[in-house]
Each structure stands twice: as structure tokens, then as C-alpha cells.
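What follows is a set of notes on a single structure, which appears directly below.
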Amino acid sequence: MRKGTATRERILEIAEAAVLAKGFGATSIDEIIAEAGITKSGFFYHFKDKNELARGLLLRVGQHNDRLLADMFGRAGELSDDPLQRLLIGLTLFAEYMAALPGGHPGCLVATMSYQDRLFDREIRTMVSELVRGWNDYFRSMIEDIIAVYPPREPVDAERLARTISCAMDGGIIMSKALGEPGVLPEQMLMARNYVKLVFQPLAVHAVQRKAVAA
């Protein structure tokens with residue numbers, strides 16, 4: 001990694017930790033400069049103002065989450081070519097990954113910036129919305145593939161179910177932080193997984209499972 005690229009990444013890393021800890025409005029450029037050990041001109045070489053910094057943070061978190069989803073659900077696709085099993089396995093892998101994070105998930109930058117949207121210009125607010133829509137679209141596409149093969153046991157809207165999964169993720173992060181219980185996030189991911197399973201798994205499979213439990 002080139003020096004300039006490494007410096008930019010270091011600035012974003014410091015800024016993200018600060019924003020998650022106390023919010024974007026309370027995070028100053030001066031404190032980021034001091035921790036990064038650079039000059040003010042060095043900071044402004046990479047980011048012309050705080051909105052530009054916010055843009056860099058959103059691009060960074062978007063790329064990270066895209067890689068994470070691709071890794072988890074790509075692995076799930078390697079384990080099963082069945083669309084329902086792919087989603088169920090992927091959500092399980094996602095929950096296991098979150099459970100293994102030291103100290104739990106650090107927090108959701110997109111949620112933090114959503115709460116403080118008046119601090120940003122229209123471009124940044126649009127970026128936040130597009131990131132959330134992108135994640136919903138990712139799950140909606142998989143759910144549509146499932147519906148094509150497995151008729152749901154109850155009427156279901158793919159977009160709304162995708163939002164349920166996304167809400168389990170972000171809501172799990174928020175509740176984990178609020179309660180000081182890192183295990184809440186993976187717990188909620190598995191609850192979302194179980195709900196998807198109940199919606200789509202054929203009735204015959206549930207009957208066999210109930211008989212096995214009774215035996």
C-alpha cells in the first residue's frame with residue numbers, strides 16, 4: 001500500500017472509531033489529525049471538509065459490508081445450490097462471524113449517520129439511503145429466487161421480508177450496544193433465519209421434524 005493510500009486509510013479508521021463512539025458532530029478534524037500524527041494540510045489533501053470525510057467513511061463501510069456479504073453467501077452457495085438453503089446457511093455463517101468478533105460488533109456507522117442526517121449535504125444523505133437499499137436488494141433477490149421454488153406457507157412480500165433481515169442486523173447491533181450483550185446480534189440473525197425457514201420450508205418437512213422430536 002502506498003504511503004498516501006495508507007494515510008487515507010488511517011484517517012478513515014480513526015474517524016470511524018470516533019464517530020461510532022460519540023457521533024459525527026462531536027468528532028473534530030483536529031482530534032483526527034492529532035491521533036493520525038499528520039498536519040492539517042495533510043488531512044485536507046485527502047478530504048476537503050467533513051462532508052467529504054463522511055463520503056469516504058460511507059464508501060469504506062459499503063465496500064466492507066459488500067465483501068462480507070459476498071464471502072458469507074458465496075460460501076453458502078458453494079455448500080448448497082438450493083436457494084432456500086443458501087440463504088439459511090448464509091445467515092448462519094453471518095451469525096457465527098458476528099459471535100466471534102472480540103467484544104462484539106463495534107456499531108453501525110450508517111445508523112449513526114442516519115440519526116444525524118441534518119449534519120450532511122444531500123449527496124451524503126442519498127448515499128446513506130442507497131447503501132440501505134442496496135443491502136435490502138441483496139436479500140430481496142435471494143428471496144425472489146426462493147419464492148420461485150418454494151411457495152411460501154403464508155403470503156409474503158420479498159421486499160418486506162428482505163427488510164426484516166436487514167432490521168434484524170441493524171436492530172441487533174443497536175440492542176447489543178444498549179444492553180452490553182454482544183450475543184444479541186447473532187441471536188437476532190438466527191431468529192431471522194428461523195423465520196425465513198418457517199415461511200418457506202414445506203409443511204411435510206415440519207411434520208417429519210415434529211414426529212422426530214416426539215419420538
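The values are calculated or read from the model by the stated rules, or taken from the named source; none is laboratory data. Being a predicted model, the structure only gives us computed values, none of them experimental. Here Cβ is always computed from backbone atoms with ideal geometry, including for glycine, and neighbour counts include all displayed protein chains.
Between ALA6, ALA21, ALA34, which is over 26 Å from GLU130 (Cα atoms), part of a helix (DSSP H, G or I) and either basic (Lys, Arg) or at pLDDT below 95 (or both)?
Within the list ALA6, ALA21, ALA34, the selection yields ALA6.
Could you check SER129 against (1) crowded, with 17+ Cβ neighbours inside 10 Å; (2) within 19 Å of VAL19 (Cα to Cα) and say which number it fails?
Failing condition for SER129: (1).
Kindly provide the set of residues from the stretch 169-196 that are more than 13 Å from CYS108 (Cα to Cα) and acidic (Asp, Glu), ordered by number.
Scanning the stretch 169-196 gives GLU181, GLU187.
Limited to the stretch 132-156, what total is found for residues that are surrounded by fewer than 17 Cβ atoms within 10 Å (Cβ to Cβ), touching a residue at least 12 places away in the same chain (Cβ under 8 Å) and in a helix (DSSP H, G or I)?
Of the residues in the stretch 132-156, 7 are surrounded by fewer than 17 Cβ atoms within 10 Å (Cβ to Cβ), touching a residue at least 12 places away in the same chain (Cβ under 8 Å) and in a helix (DSSP H, G or I).
Quick check, is ASN194 without any contact (Cβ under 8 Å) to a residue 12 or more places away in the chain and part of a helix (DSSP H, G or I)?
Against the criterion (without any contact (Cβ under 8 Å) to a residue 12 or more places away in the chain and part of a helix (DSSP H, G or I)), ASN194 qualifies.
Just checking, does the stretch 171-179 include any residue being out of contact with any Pro (no Cβ under 6 Å at 6 or more places or on another chain), within 30 Å of ASP49 (Cα to Cα) and among the hydrophobic types (A, V, I, L, M, F, W, C)? Please lay out each step first, then the result.
First, pick out the residues of the stretch 171-179 that are out of contact with any Pro (no Cβ under 6 Å at 6 or more places or on another chain): 171-175, 177-179.
Filter again for within 30 Å of ASP49 (Cα to Cα), leaving 173-174, 177.
Retained after the next criterion (residues that are among the hydrophobic types (A, V, I, L, M, F, W, C)): 173-174.
Checking the stretch 171-179: at least one residue is out of contact with any Pro (no Cβ under 6 Å at 6 or more places or on another chain), within 30 Å of ASP49 (Cα to Cα) and among the hydrophobic types (A, V, I, L, M, F, W, C).
Looking at ALA70, is it of a type in the set (A, V, I, L, M, F, W, C), without any contact (Cβ under 8 Å) to a residue 12 or more places away in the chain and not in a loop (DSSP other than H, G, I, E, B)?
yes
Given the criteria modelled with pLDDT of 95 or more, of a type in the set (Gly, Ala, Ser), in a helix (DSSP H, G or I) and loosely packed, with under 15 Cβ neighbours inside 10 Å, does GLY90 qualify?
The answer is no for GLY90.
Only one residue in LEU12, LEU58 is in contact with a Gly (Cβ under 9 Å, 6 or more places away or on another chain) and within 21 Å of GLU123 (Cα to Cα), so which one is that?
Only one candidate passes the filter, namely LEU12.
Considering only residues of the stretch 22-57 that are free of Cβ contacts under 8 Å to residues at least 40 places away in the same chain and aliphatic (A, V, I, L, M), which is surrounded by the most Cβ atoms within 10 Å (Cβ to Cβ)?
ILE32
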